[in-house]
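K.L.:
Have a look at the structure that comes next, please.
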Amino acid sequence: MSSSEALVLPERMAQYVDAGRLRDNFHNHPESQRDLSGGQQLAVQEIRACLEQLPLFHYTDSGDFPGRFMERGILPSSRLSGCRTNTYGLDRHFGLDQFVFSSLYLRNAYHYGAKMLSIDPQLKIIDTMLVTPHDLNDTVHTAKTDPNNLSKEDCRKIDAYFDSMMFGADWLDILARQALDLFVEKMRTSRDEVEEGVEMALLPLGFDLCYGEWKHYGAIDPGNIVDTYDCSRDILENPCADDDVISMAWLPHGLVLSKYRLLDDGAVMSTWHDVLSSHDVEGVDVKALRQFWKRIGELALS
């Protein structure tokens with residue numbers, strides 16, 4: 001029996017999903033059912049390997065930052081007392097308060113706090129990391145919905161939420177397929193950028209891609225916290241401060257959120273192409289990235 005088959009989830013959540021259902025949800029996803037050529041399948045595998053290296057980010061407004069986290073790790077809200085959390089009655093009903101939430105990218109993340117913790121990328125593929133496309137609160141109002149008095153529509157939405165839940169490792173495959181589509185579209189519509197060369201060292205994934213809500217069952221150990229960032233002041237002055245942190249973490253893997261560097265103070269925003277042309281960025285091998293995306297293009301068209 002694999003470790004995923006031995007996964008024991010909170011009781012009420014387990015009424016909706018188990019290891020088998022989580023795998024079925026992946027296979028039932030429209031992206032996983034879409035036929036790809038042999039070359040496209042290889043391209044997806046290579047893009048997935050890049051996505052696997054991207055860190056997750058946890059957001060907080062804790063006053064004891066980063067001290068408490070470096071000492072105790074990132075705790076689920078069920079283990080926090082006297083702290084403001086973003087888990088409510090319906091979340092607790094299903095045991096979601098026993099998970100630590102994070103994301104590859106989260107729009108309006110500063111609502112959760114302007115302090116960020118970067119999490120070991122390898123946690124994305126362990127069996128205690130689950131993903132849904134969206135927060136339960138985006139489906140059903142978790143603060144106002146009484147779990148003991150659910151309407152038929154509430155039940156339908158909750159069913160759909162758990163039908164979308166899968167292992168993080170499988171969600172990476174979904175993202176890789178979507179990233180390949182973005183790359184192919186970029187090849188078709190931006191020939192001038194392709195000819196420019198260096199720009200194609202980086203694929204902008206964009207702000208509208210569904211990166212998913214990542215949830216780790218249980219605490220995240222201090223040893224799995226890679227770095228910490230306090231963007232409090234920057235975010236007040238520029239809400240894109242956290243976006244810049246994320247793109248910097250993605251650069252070595254040939255990915256960014258946007259082609260533009262959003263924190264640029266000039267009248268005309270600079271691009272990450274400008275950054276790589278003007279500066280040596282640690283861990284970024286532009287030549288290797290250009291070769292990588294050239295190979296992806298060849299595979300995608302084969």
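K.L.:
Output the pairs from LYS124/LYS157; LYS186/LYS259; LYS259/LYS287; LYS259/LYS294; LYS115/LYS215; LYS124/LYS215 with a Cα-Cα distance over 21 Å in this structure; if there are none, say none. Present the calculation step by step, with values, prior to reporting the outcome.
P.N.:
Values: LYS124/LYS157 26 Å; LYS186/LYS259 12 Å; LYS259/LYS287 18 Å; LYS259/LYS294 18 Å; LYS115/LYS215 18 Å; LYS124/LYS215 9 Å.
Cα-Cα > 21 Å for LYS124/LYS157; rest within.
K.L.:
Okay, next question. How many angstrom lie between the Cα centre of region 89-110 and the Cα centre of region 5-44?
P.N.:
Measuring centre to centre over Cα atoms gives 20 Å.
K.L.:
Sticking with this structure for a sec: Given 0.36 nm per residue, what is the gain on full extension from LYS294 to ILE126 after removing their alpha carbon distance, in nm?
P.N.:
Numbers: separation 168, 0.36 × 168 = 60.48 nm, distance 3.08 nm.
Value of the extension gain: 57.4 nm.
K.L.:
Give, rounded to the nearest 20 debye, the magnitude of the charge dipole that the chain has about its Cα centre when Lys and Arg contribute +1 at Cβ and Asp and Glu contribute -1 at Cβ.
P.N.:
On the way: 29 positive and 48 negative charges, 111 e Å.
Roughly 540 debye for the chain.
K.L.:
Amide H of ARG261 versus every other amide H placed in the peptide plane: which residues, excluding those fewer than 5 positions away on the same chain, fall under 5 Å?
P.N.:
Those qualifying (amide H under 5 Å, at least 5 residues apart or on another chain) are SER270, THR271, TRP272.
K.L.:
Something else now. Among TRP171, TRP272, TRP293, which comes first, then next, by fewest other beta-carbon atoms within 10 Å?
P.N.:
TRP293, TRP272, TRP171
K.L.:
Please state the shape class of region 1-69: rounded when a/c is under 1.5, otherwise prolate if a/b exceeds b/c and oblate if not, all from the C-alpha gyration tensor. Let's see the in-between values first.
P.N.:
On the way: a/c = 2.66, a/b = 1.30, b/c = 2.05.
Judged from the Cα gyration tensor, region 1-69 comes out oblate (a/c at least 1.5, b/c at or above a/b).
K.L.:
In addition: The chain: D in µm²/s via Stokes-Einstein (Kirkwood Rh, Cα pairs, 25 °C, 0.890 mPa s)?
P.N.:
D, rounded to a whole number, is 119 µm²/s.
K.L.:
Can you pull the three principal axis extents for the Cα set of region 86-234, in Å, largest first?
P.N.:
Projected onto the principal axes, the Cα atoms of region 86-234 cover 60, 37, 33 Å.
K.L.:
Right, next: Which Cα, out of LEU299, ASN149, GLY212, lies furthest along the positive dipole direction of the chain (beta carbon charges, K/R +1, D/E -1)?
P.N.:
Projecting each Cα onto the dipole axis, the largest value belongs to ASN149.
K.L.:
Taking amide hydrogens as modeled 1.01 Å from N in the peptide plane, which residues meet the under 5 Å criterion relative to ASP227, leaving out close sequence neighbours?
P.N.:
SER118
K.L.:
Just from its helices, what would the mean residue ellipticity at 222 nm be for the chain, if runs of 4 or more DSSP H residues each count -39500 (n - 2.57) and the sum is divided by every residue, rounded to the nearest 500 deg cm²/dmol?
P.N.:
About -11500 deg cm²/dmol.
K.L.:
Under the rule of at least 5 residues apart or a separate chain, name every residue whose amide H is placed under 5 Å from the amide H of VAL256.
P.N.:
Those qualifying (amide H under 5 Å, at least 5 residues apart or on another chain) are LEU203, LEU205.
K.L.:
Could you tell me which helices of the chain pass both thresholds, a Cα extent of 27 Å or more along their own axis and a mean Kyte-Doolittle hydropathy of at least 1.6, with helices taken as whole DSSP H runs?
P.N.:
Passing helices, by number: none.
Rule-based calculations on the coordinates, nothing more; no lab input. Just so it is clear, the structure is predicted and the values come from calculations on it, not from any experiment. Don't worry about glycine lacking a Cβ; one is built from the backbone with ideal geometry, like all the others, and counts go over all protein chains shown.
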